[in-house]
Structure formats: C-alpha cells, structure tokens
Amino acid sequence: MDSRVEVQGSNSNGFTEQTIVEAITDSCTHPGFLRDMCICCGKRMDDGAGVAFGYIHKDLRLGSDEVSRLRDADVRTLLRNKKLYLVLDLDHTLLNSTRLEDINSEEDYLKSQTDSFEDISKGSLFRLDKMRMMTKLRPYVRTFLQEASNMFEMYIYTMGERAYAIEMAKLLDPGSLYFNSRVISQADCTQRHQKGLDVVLGKDSAVLILDDTEAVWQRHKDNLILMERYHYFSSSCRQFGFNCKSLSELKGDENEADGALATVLGVLKKIHSNFFDAEHGNDFAARDVRQVLKKIRNEVLGDCKIVFSRVFPTKFQAENHHLWKMAEQLGARCAVEVDSTVTHVVSTDAGTEKSRWAVENGKYLVHPKWLEAANYLWSKKPEQEFPVVLSKKRK
C-alpha cells in the first residue's frame with residue numbers, strides 16, 4: 001500500500017493509466033489481502049488465498065511468502081533482544097472458568113467473594129454476568145506473566161470463542177502489557193479441533209507452548225510443555241470424569257510457591273538461559289529451542305532404567321503406551337524384562353512377579369503416578385511418596 005503509483009491520463013512515453021496499472025498488477029506477488037483485495041496492488045481475489053490472521057485484523061489474509069518474510073524479520077529482532085516466543089493456553093493452564101448455573105451448593109460461597117473490576121490486577125476471582133460465568137485465575141499467574149514477559153513475546157491461544165478469549169485477556173493483562181493483539185481463538189485455527197503455529201508470526205524453532213492438552217498440538221509436540229490441569233471448580237472435575245472434590249469445594253487452592261506455574265517458570269528460565277548461552281556462540285538464529293527443551297527434559301530421569309508391571313492392557317504393544325513414551329521423553333531407558341541394571345519397577349500391584357523382584361533386589365517399586373509427577377514437575381520425586389499396594393484380588 002505504501003508503493004501505490006498515482007497517474008492521470010497518459011504520460012510522455014504514451015503509456016495510459018490503465019496499462020501502467022495492469023503492469024503493476026501483473027508483476028505484484030500479492031503478499032496479502034484485506035477483504036479479498038491485495039494490500040499491494042488492489043487487485044480483487046476471490047479464491048481465499050493465503051492464511052487468515054483474523055486476530056490481527058478480521059479481514060486479513062497473508063500469503064506464505066509474506067508470512068515467511070514477517071517471521072524472519074520478527075525473529076531477528078526478538079533474538080537480538082534475547083527473547084523467544086511463548087504460546088499460552090487459557091483454560092486449565094492459566095485459569096479455570098465455570099458457568100454460573102454449574103456452581104453447586106458447596107461452591108455457592110464464592111458468589112460473595114468475587115473481586116472488583118475496578119482494580120483487576122489485584123483480583124483472582126471474577127464474576128462475568130454478561131457471559132453468565134465465573135473465572136478463577138491460577139495462583140502465581142500474575143508473577144508468572146510478568147517474569148515470562150522478560151524472556152518471551154507471548155501469545156494467548158485458546159479453543160474457546162474470541163469474545164471469551166478477549167475477556168480472559170483483560171483479566172490476565174488489564175494493562176495490555178503482555179499480549180496486545182496476540183490473542184488467538186478457535187475461529188483462527190486452520191484445522192478443525194487442532195491448534196497450529198501457522199497462525200503465529202514466530203518461527204517454530206523459537207516457539208515454546210504451554211498447554212494442558214497434548215492432543216490439540218499433533219503437529220507441534222516438540223514445542224509443547226504439558227501442564228497439569230487446574231481444576232478449581234467442580235464442573236471442571238466433572239468434565240474430565242474425576243469423582244473427587246474440587247479445590248473450591250475443599251475451600252483450598254494451589255500453593256503459589258511450588259504450584260504448577262511457579263514450577264514451569266523455573267523450567268522456562270532454564271531453557272531460555274541454555275538457548276542464549278554465550279558458550280555456544282552468538283548465532284542464535286541457527287539454534288532450535290525444541291532441541292534445548294528435549295535436552296532438559298531428558299535430564300529428569302536420565303539415570304533411570306524402568307520396567308513396567310500390570311500397567312498396560314494385556315497384549316498391548318508396550319512401546320506405544322503413553323507412559324512408556326513419557327518415560328523415554330524424560331530420559332529413562334525402558335525394558336520389558338528385569339535385569340540387574342533396572343532401577344525402577346512401575347506397577348499398580350505389589351503382588352506381581354516383577355514387583356516382588358524389585359522389593360527382593362532392593363530396586364524402587366513405584367506407582368505410575370511417580371512418572372506423571374516427574375513429567376509435570378520436571379524433577380525426580382521421592383519414590384517413597386508413590387507406594388504400590390496389593391490389588392484387592394490378592395488380599
């Protein structure tokens with residue numbers, strides 16, 4: 001648009017306005033479109049070409065070459081400032097929301113404890129009457145966003161509707177310090193039921209993702225840090241099939257000091273420090289944050305060799321089970337049979353042959369939750385906190 005040519009009638013060389021405009025149009029690469037009109041030459045295109053960036057402008061579409069150009073330019077600037085990209089999910093990651101009609105009698109006390117919208121930055125529990133909803137921000141989220149903003153350019157990316165995403169962004173970032181227009185919602189997704197980095201103006205090699213749902217990131221699992229879900233309201237527990245009291249019913253909450261966001265902030269700081277480590281030179285553009293993430297994750301259980309017992313269904317291919325894959329991602333070696341090099345037997349029943357072998361040979365016998373804790377907390381937790389008991393059939 002900034003290279004528009006203004007002509008009237010014909011010029012001294014005999015070219016008419018029409019022929020000049022046609023020449024410009026024919027040579028234009030059509031980098032992007034607003035309302036199906038090229039932002040460079042003005043030609044109308046009705047084929048829906050390019051990728052929609054509706055969160056930037058509702059009618060904006062950009063061609064692949066232009067997206068690549070913008071990404072290259074943006075990542076150079078970001079890396080110069082020693083920053084990376086961080087894509088943040090909303091629900092069960094940064095906050096938990098429920099419909100007002102889903103609040104049960106044990107949670108009814110919350111209605112008198114909501115915070116004022118006059119100073120959102122000091123609140124954590126909000127009632128949004130226009131949306132018939134109540135939202136609880138996860139403990140430590142404000143400190144998390146403040147500290148993460150020093151290391152990352154941040155995006156919100158939710159499978160929720162845009163109106164909801166915008167309201168949540170206002171609660172999380174009332175001063176518009178962290179996200180600006182970078183709020184991506186369901187309507188911006190280019191693939192049904194999937195999130196993708198194709199609508200993020202950052203190179204994949206410089207992007208980290210925080211989300212509680214792995215399944216929506218099938219194309220970008222190597223960028224993902226899986227978050228433990230935040231179940232504050234009872235409706236959230238019911239949604240995921242948990243037959244237990246929610247945090248609100250128990251009148252409790254996560255601990256700020258060692259909760260999920262405090263833990264993952266420590267991981268992000270470690271990844272950031274490793275990525276920009278001067279010992280590896282100053283060519284940051286050649287580095288890949290996915291490799292840094294993989295290396296740090298592999299250190300969690302790097303000194304462990306694991307055998308599973310009574311964990312997988314009969315005749316199930318062990319190597320395909322999510323716990324086997326989880327253990328390998330955390331750096332552990334997995335085996336089918338026990339031997340002297342095995343350090344841990346992961347089991348749900350203390351009476352199996354392999355479980356008894358572990359006890360008799362001084363090996364650790366742990367419940368599968370030990371693996372899950374290591375995955376979420378990024379550290380090997382004390383084995384004695386995850387005991388295995390005899391199954392009811394053996395008692």
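The values are calculated or read from the model by the stated rules, or taken from the named source; none is laboratory data. This structure is a prediction, so every number in the text was calculated from the model and none was measured. So basically every Cβ, Gly included, is an ideal-geometry build from the backbone, and we count neighbours across all protein chains shown. In case anyone asks, the SASA skips ligands and DNA or RNA and just uses the protein heavy atoms, side chains included. Shrake-Rupley method; radii C 1.70, N 1.55, O 1.52, S 1.80 Å.
Contact annotation: residue pairs with Cβ atoms under 6 Å, 6 or more positions apart or on different chains, pairing a residue in the stretch 211-239 that is assigned to a helix (DSSP H, G or I) with a partner that is open to solvent by less than 40 Å² (accessible area, probe 1.4 Å) and among the hydroxyl-bearing types (Ser, Thr, Tyr), are SER234/SER246; SER235/THR98; CYS237/SER246.
Residues in the stretch 75-113 that are over 20 Å from the mean Cα position of the chain (by Cα), within 30 Å of ASP222 (Cβ to Cβ) and aliphatic (A, V, I, L, M): LEU79 only.
Among the residues of the stretch 277-314, those that are within 30 Å of ASN361 (Cα to Cα) and among the β-branched types (Val, Ile, Thr) comprise VAL300, ILE306, VAL307, VAL311, THR314. Filtering the stretch 287-318 to residues that are part of a helix (DSSP H, G or I) and open to solvent by less than 80 Å² (accessible area, probe 1.4 Å) leaves VAL289, ARG290, VAL292, LEU293, ILE296, ARG297, ASN298, ALA318. Only one of the numbered conditions (1) in contact with a strand residue (DSSP E or B) (Cβ under 9 Å, 6 or more places away or on another chain); (2) open to solvent by 50 Å² or more (accessible area, probe 1.4 Å); (3) within 30 Å of ASN104 (Cα to Cα) is not met by SER235, and that is (2).
Summed over the stretch 169-188, the residues that are outside any loop (DSSP other than H, G, I, E, B) and either small (Gly, Ala, Ser) or within 15 Å of ILE56 (Cα to Cα) (or both) give a count of 6.
Of everything listed in (1) in contact (Cβ under 8 Å) with a residue 60 or more places away in the chain; (2) open to solvent by 80 Å² or more (accessible area, probe 1.4 Å), the single unmet condition for LEU250 is (1).
With respect to (1) open to solvent by 60 Å² or more (accessible area, probe 1.4 Å); (2) more than 19 Å from PHE53 (Cα to Cα); (3) not in a strand (DSSP E or B), the lone exception for ARG127 is condition (3). Could you check, for the stretch 168-182, whether at least one of its residues is surrounded by fewer than 16 Cβ atoms within 10 Å (Cβ to Cβ) and of a type in the set (A, V, I, L, M, F, W, C)? Scanning the stretch 168-182, I find at least one residue that is surrounded by fewer than 16 Cβ atoms within 10 Å (Cβ to Cβ) and of a type in the set (A, V, I, L, M, F, W, C), so the answer is yes. Only one entry of VAL75, VAL87 meets the criterion of being surrounded by 14 or more Cβ atoms within 10 Å (Cβ to Cβ) and part of a helix (DSSP H, G or I), and that entry is VAL75. Among the residues making up the stretch 367-390, those that are in contact with a helix residue (DSSP H, G or I) (Cβ under 8 Å, 6 or more places away or on another chain), in a loop (DSSP other than H, G, I, E, B) and open to solvent by less than 80 Å² (accessible area, probe 1.4 Å) are PRO368, TRP378, LYS381, PHE386, VAL388.
Looking at the stretch 52-61, is at least one residue open to solvent by less than 60 Å² (accessible area, probe 1.4 Å), in a loop (DSSP other than H, G, I, E, B), out of contact with any Leu (no Cβ under 6 Å at 6 or more places or on another chain) and on the phi < 0 side of the Ramachandran plot? Among the residues of the stretch 52-61, at least one is open to solvent by less than 60 Å² (accessible area, probe 1.4 Å), in a loop (DSSP other than H, G, I, E, B), out of contact with any Leu (no Cβ under 6 Å at 6 or more places or on another chain) and on the phi < 0 side of the Ramachandran plot, which makes the answer yes.
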